[in-house]
Structure formats: C-alpha cells, structure tokens
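What follows is a single structure, written as structure tokens, with notes after it.
The values are calculated or read from the model by the stated rules, or taken from the named source; none is laboratory data. Everything numeric here is computed off the predicted structure, so don't read it as measured data. Heads up, the Cβs are rebuilt from the backbone with ideal geometry, glycines too, and the neighbour counts pull from every protein chain shown. Accessible surface areas use protein heavy atoms only, side chains included; no ligands, DNA or RNA. Shrake-Rupley method; radii C 1.70, N 1.55, O 1.52, S 1.80 Å.
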Amino acid sequence: MDSDAPETSKLPPDGSANYFDGMSSRRRAVTLRLADRLEINEDEQPLAAWAYADIRRADSPAGMLRVSCLTAPALARLEVRDAVLAGQLVSRCAGMDDDIPGRRGVAAIIGWSLAATVSIIAVVLFGLPLAADRLAPLVPAAFERRLGDVADAQVKKLFGAKVCDNAAGEKAFVKLVTAIRESAGLDTSVQSGVLSSSIPNAFALPGGKVYLFNGLLAKAENADEIAGVLAHELGHLKHRDSMRGLIHDGATSFLVGLLFGDITGSSVLIFGSRTLVTSSHSREAEQNADSFAIDVMHRLGRPAKPAGELLLRVTGKEGKGLSIISTHPLSEDRLARMSREDQPASRPPLLTAEEWRSLKSICDAKI
Ligand SMILES: [Zn+2]
C-alpha cells in the first residue's frame, strides 16, 4: 500500500497512508477518510479519528507529510505520501503550523542561537559588554517581540505564576501603568501585568513586557513605591537592556552548551529566561533606569524616593535578602541618590486610597 511511485501522486487520492499508533513501533498501512474528522482505518476497522483542529505538522523528509495530533499519544504519527491527499488534509487543518513550542519557538531558538554565535565572534573582537551594546540595537523589533513571547511562557512556567486580573485590581493597575507609560513617552505596545508569585521582584522582558510579582506588591506601602519601580522597569525597556542581557547571557550559555555538547534550544532558553529574571543589569544600565524613573515620577508630580525605599526594604541593608531582587545591586546607593534628587509631591496621588487597596488585592480570588 506504500505509494512510493511518483506517478501515483497524479492520480486521485486513494486514501492510503502509514500510521504509527505511538505505543508500538509497528507501521500500519491505513486508509484515510476525510469526514468531519480525520478517520484512520485499517482493513475497514477504525483505529483512530483526529479532529482537524488538533492536527499538527511534524518534521518529515521531502515528499512526505507527517502529522501528529494533540489528543493522540505523543508519538503517534501519520505519514501521507500522496501529494493530492496531503494537500486536502492540510487545507482542512487550520492549526497545522501553530504548534506552540514548535515552529515559532524553533525559529526563535535558531535566531537566538545565531545571535549567540555572532556574539561569541564579537566577544573575540570587542569583548562582551561592548558586543551586547552593539548588537542589541540591531535586533529587529519583531524578532525581539517573538523572543519576549517565548521568554514570557518560560517565565510563567518557571515560577508557576499566573497573571492576576480581578476586575477592581486590574482597573487600578491599568490606571497606574497608563499614567507612567504616557509620562515615559512609551506607546501602547508596552504590556504589563501582575504575576501571582510571592517572590518580591519586577522585571522587563524583551519585546515590551513588564511584570510585577505579587510579592513586591505585598511589601509596598503606597502607589508611589510601585509606580517608581514600574517606571524603573520601563526605563530598562526603553533602553532595551533585557535584549542586551539576553545577548550577553546567550553567549555565555552557548559557550556552556559547547563545553557540554548540549546546545538544545530549550535548555539554553530556560537558562536565558531564568537569567532575564534573576540576573542584574550592569551598573550603568541600573543607573540609567533609575534616572529614567526619577524623571518620570517628577513629571507626574510625584516623589521618586519611595521606590528606593521599597527596594531597600525588600533587599535589606546588606542587600542579602532571599529575594532575587537582591541581585539588583546598590539598593542603598539608589536610595541615597533618589533621596538627593527627590522633589516633594506637587500633584495628588496616582491612585486613590480605594484603588490602592484594590491593586494590593489584585491576586485575590474574584469576588
Ligand atoms: Zn533594574
């Protein structure tokens, strides 16, 4: 039944294909029927029926369509060599190519590995920090957004975190973020959210995402503290510091991969995402983000010092708290500077007392 001969592809499809059930390695010659689902039959007996929406393309040699199904065993595969039949099947499967860690992820990983390779070469030529500085502005925004999406999924998985969005809290958060974003001169492509993790931290991902962990919100005493931290992260975004960091760490993990002979995309990517959240930016990047935050807060008519107080409260005087924000260095220096350059409030608070309470409980279950 294996229609290997090229001339068979010109004939009307006879429905023949090869099927692996994902349990054994046995190849079964089957007949396909394109009904309201894809019916897979062996000797007139139904073996499986796959919903078209669940069918995904798998890697295959040229001249063959190989597909899997989201609801079938992970290793189940169907191989169609008949071009006409393959075409008919593809035209019914709208989700064929949007496998989440599949093509898009792979494209990002390949692109990223490429960036890492380039940066290794650049390391040799210019030294690492300079390489990252030169490369980051060259990364196209679309690619950076895609990378950000992959990192976003990884971060949520890594910390087991969900986006908190009870209605009242979300409303207050949007109000706060919008005021800061507009004052910072950033457009609406910036996305932000509160994540349900008790770790006190905030971070920016490549491609325009800023996340606040609920743990930081829990330690905050007023909206100015959170506003200043968000403004600081927007500063990192504006200066594309996380892209710079990613290229920097991309080179590092690529070198580690070379050493251990393991350059699988996912391990590198998890390492990269972890680094994005936990590692510190350079001293210079931190100072620039602080300048940005001080500026934004003063333009809003609000003090900048509270953010410094919050960060110091979280890291402690020694800067050795358990929190990963402790890797954000110089908390005392930061507070000193923010105090020095502080201006008293000239406008009303960014949130009312009630909105602030709502924001604090944004991760509480919906009422
Ligand atoms: Zn920072």
Selected residue (criterion: modelled with the lowest pLDDT) from residues of the range 325-345 that are among the hydrophobic types (A, V, I, L, M, F, W, C) and within 12 Å of the ligand (Cβ to nearest atom): ILE325
Selection status of LYS219, surrounded by fewer than 22 Cβ atoms within 10 Å (Cβ to Cβ), within 15 Å of the ligand (Cβ to nearest atom) and not aromatic (Phe, Trp, Tyr): no
Residue in the range 198-209 that is small (Gly, Ala, Ser), modelled with pLDDT of 85 or more and open to solvent by 10 Å² or more (accessible area, probe 1.4 Å) present: yes
Tabulated pairs, the range 174-186, first among the small types (Gly, Ala, Ser), second surrounded by 14 or more Cβ atoms within 10 Å (Cβ to Cβ) and in a loop (DSSP other than H, G, I, E, B), C-beta under 6 angstrom, 6+ apart or interchain: ALA179/LEU350; SER183/LEU300
Residue match in the range 301-312 (condition: in a helix (DSSP H, G or I), modelled with pLDDT under 70 and surrounded by 16 or more Cβ atoms within 10 Å (Cβ to Cβ)): no
Some residue of the range 160-177 being closer than 20 Å to ASP290 by Cα, within 16 Å of the ligand (Cβ to nearest atom) and either at pLDDT 75 or above or open to solvent by less than 10 Å² (accessible area, probe 1.4 Å) (or both): no
The range 222-243: number of residues that are within 11 Å of the ligand (Cβ to nearest atom) and over 24 Å from ALA345 (Cβ atoms): 5
